[in-house]
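Everything below concerns the one structure shown next.
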């Protein structure tokens, strides 16, 4: 069986590394933009008890509580995301979307309404990839 020229030039480990680094890069870019905008993006997180908070489910995994939080998540995201990506981009997309949405709806359901201005998905994608 022959392999395609793309597969020979781009082994799966390289594709996984690029996608893993790219995902983390998007998180860093969103935090830089949030900082420039005086943390206005953080208001787009999950707000329990609010229909507006439902939209936050889509954005919450991209939000971090500052650069310290993002720094703490960077290595685990790279380490845990890479093996999921080794199983294929489609698998990574399905797993990430499931964890993203389930975590968001869980936070909407179990957090107290009005407890805080916004919520980010606790443990989020980083915690869901290994499961």
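Every number here is computed from the coordinates shown, using simple stated rules; none is lab data. These figures come from a predicted structure and were not determined experimentally. Backbone-built Cβ (ideal geometry, glycine too); neighbour counts: all protein chains shown.
Couple of notes before you dig in:
- Taking other Cβ atoms within 10 Å as a rough exposure proxy, 92, 28, 19, 13 sort from fewest to most as 13, 28, 19, 92.
- Order of 44, 52 - criterion: other Cβ atoms within 10 Å of each residue's Cβ, fewest first: 52, 44
- Listed by Cβ neighbour count within 10 Å, with the fewest neighbours leading, 50, 20 appear as 50, 20.
- Rounded if a/c under 1.5, otherwise prolate or oblate - the stretch 12-128, Cα gyration tensor axes: oblate
- Most tightly packed first, judged by the mean number of other beta-carbon atoms within 10 Å of their residues, the peptides 67-75, 82-90 read 82-90, 67-75.
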